[in-house]
Amino acid sequence: MAQMSLDRLCPEILALIFEELYRVEPAIFRTLKTLSRSLNVIATPFRYRRIWLRPEFFQVSGEAESFGVLPIIRLYTRHLIVEHDLGNSGAVENLLLECTQLQDLTWYLQNDSSPLPAEIAKAALSRNPPLPVHLHVRGRPSSWTQQADVADSFSSLNLRSLNIQLYAAAGTFRQFNKLLVGSRDTESLTLLTSSVFLLNPRMGRLPPMRELILRAHKWNYSENEVSQVWDFSKLLYLEIGHVNLMKFLSTVPETAFSNLRELRILVTEDNLRGVAGGRESKWSEATDLLERQLRSVRGLEVVEITCDVRKLNLDGISQNHNLRILKLRDFGEYDSSMIATVRKAVVSGEKLELLSQCCPLVTELDLGYHCSNELQNLSILAAVSQFQTLRSLTLRTYAPLTTSGNATTTVDNNLESATNAVKYLQKRAFATIPITTFFFTMRTTAYNLSLPVPLQQRTFDVVREMQFGQQGDLLRDAISIDGSIAGVGINRKS
């Protein structure tokens, strides 16, 4: 049979294929457009759909202009990104006005860079409708403290998203607080701020966001202050990183996330500060607070959370009948002293079976697994086989290793357990998974006692990925070893 060539497909079909390809691998169009003249015509609009502007684009005698880059940008670009000072705001203004398909502008403020030039702001506002602007702030823009109206100048724009990584003086914080409150069209907010940055309730309430990503933020608000500062009424996506989880969960109203569609809590032991008692009591209390929030949510489609897995009751999650992705991490997975016991932190088969009945649309599961507990494994696998739409299964387990990355036992329990799991699923006529992938993560920690206080910790992460085909045959068995050094109080790589 002759091989099918892309050139033989009609342009309409190629455009549909390229549209899907662009979603997963946009960079490929740099080379794809060079394969043939016919492909070049169809691939060029995808290649220039998103463009990072560079100073050489505006040099008339430069190579970029001679090859006609600007005319192509004017024709095809939908997303313009300005990451550095171009030194030619007039040319950028003209480009904003001339791009026929432009959908938004992303502007970066780096350290002491000046705010958005007035002529560019005017050009963005003059388009019909006004051009959506995404603002990224990095570092210490201390020059903002010298201009009292800088927040007003940005607030007048059609600001759709704010991504703020801020380490600056108190005067700058006030400017950004004013900007956040004044940007009424903002739908997405990402915060990674220093420990002294706290939103002031007296400056007003933030607009209702659809997406909130708290990479790092000092959540030191009371319940009353939360209601004065934050509006969760339209929130669809929530991601929590380096935030005091206990304070966050205990101060947010129980019904705050009733409209949520995606929840990602990527926290570790460091995020449980301020709770009395031992390590496991903190984990238990954090899980109780999390379940309290989940009881009022019905529309979740993606859940990726860190919790006390053994204590977690899946009743709250099971209420979300449109759930597609569930990823559960145990707090112990991020604690080097708990490696010996974390392997037992798994969800029971009974809970998973309930989930399979209540959430029939699940396509991806990522769960803990205990290789040496055969009876428990059979219960989990029997429940997993009930998910009729499942397409991706990840089971994580832990095995003791030496610092060189070698197993401390001669029996390869991980491979044996993985092989048995695949055979069991195949025996259950579980043909809905075209390729079943198991990820087994093995870790060990060694301490260099010769180092002065504070003690430095060296962590060896040994990751083993085993991929099985439909017939249960082992397709791939790869091991990678990565060493990292972290100080006391800094969490290990996950």
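Hey, does segment 25-34 have a residue that's acidic (Asp, Glu), at pLDDT 85 or above and open to solvent by 70 Å² or more (accessible area, probe 1.4 Å)?
Applying the first criterion (acidic (Asp, Glu)) to segment 25-34 yields 25.
Filter once more, keeping what is at pLDDT 85 or above: 25.
The next check asks that each one be open to solvent by 70 Å² or more (accessible area, probe 1.4 Å); those that pass are 25.
Checking segment 25-34: at least one residue is acidic (Asp, Glu), at pLDDT 85 or above and open to solvent by 70 Å² or more (accessible area, probe 1.4 Å).
Going through segment 85-112 one residue at a time, which ones are part of a loop (DSSP other than H, G, I, E, B) and within 25 Å of the chain's Cα centre (by Cα)? Write out each step before concluding.
As a first pass, look at segment 85-112 and keep what is part of a loop (DSSP other than H, G, I, E, B): 85-88, 99-103, 111-112.
Within segment 85-112, Gln103, Asn111 qualify.
Between Glu56, Glu98, which is modelled with pLDDT of 90 or more and more than 21 Å from Ala15 (Cβ to Cβ)? Break it down into steps so the answer makes sense when it comes.
Numbers: Glu56 fails: modelled with pLDDT of 90 or more.
Criteria check complete, one pass: Glu98.
Restricting attention to segment 215-239, the residues that are open to solvent by less than 20 Å² (accessible area, probe 1.4 Å), modelled with pLDDT of 95 or more and part of a strand (DSSP E or B) total 1.
Restrict the check to segment 266-286 and report whether at least one residue is part of a loop (DSSP other than H, G, I, E, B), of a type outside the set (A, V, I, L, M, F, W, C), open to solvent by less than 30 Å² (accessible area, probe 1.4 Å) and at pLDDT below 85. Steps first, answer last, please.
Of all residues in segment 266-286, those part of a loop (DSSP other than H, G, I, E, B) come to 266-268, 273-278.
With the extra rule that they be of a type outside the set (A, V, I, L, M, F, W, C), the set shrinks to 268, 273-274, 277-278.
Imposing the further condition that a residue be open to solvent by less than 30 Å² (accessible area, probe 1.4 Å) reduces the set to 268.
Narrowing further to those that are at pLDDT below 85: 268.
Yes, that holds for at least one residue.
Among the residues of segment 370-387, which ones are part of a loop (DSSP other than H, G, I, E, B) and either under 21 Å from Cys307 (Cβ atoms) or in contact with a His (Cβ under 8 Å, 6 or more places away or on another chain) (or both)?
Residues of segment 370-387 part of a loop (DSSP other than H, G, I, E, B): 370-373, 385-387.
Matches in segment 370-387: His370, Asn373, Phe387.
Here is the figure for segment 292-301: residues that are surrounded by 18 or more Cβ atoms within 10 Å (Cβ to Cβ) and not in a loop (DSSP other than H, G, I, E, B) total 2. Can you find, within segment 347-369, the residue that is modelled with the lowest pLDDT among those that are assigned to a loop (DSSP other than H, G, I, E, B) and open to solvent by less than 20 Å² (accessible area, probe 1.4 Å)? This residue is Tyr369. Taking the criterion of being over 23 Å from the mean Cα position of the chain (by Cα) and either farther than 14 Å from Asp231 by Cα or in a helix (DSSP H, G or I) (or both), the only residue of segment 183-196 that qualifies is Val196.
In segment 181-205, the qualifying residues are those that are modelled with pLDDT under 90 and within 18 Å of Leu105 (Cα to Cα), and the one that is least open to solvent (accessible area, probe 1.4 Å) is Ser183.
The values are calculated or read from the model by the stated rules, or taken from the named source; none is laboratory data. The shown structure was predicted, so the numbers you read here are calculated from the model rather than taken from an experiment. Positions of Cβ are backbone-derived with ideal geometry, glycine not excepted, and every protein chain shown enters the neighbour counts. Each accessible area value is taken on the protein alone, full model and side chains, heavy atoms only, with ligands, DNA and RNA left out. Shrake-Rupley method; radii C 1.70, N 1.55, O 1.52, S 1.80 Å.
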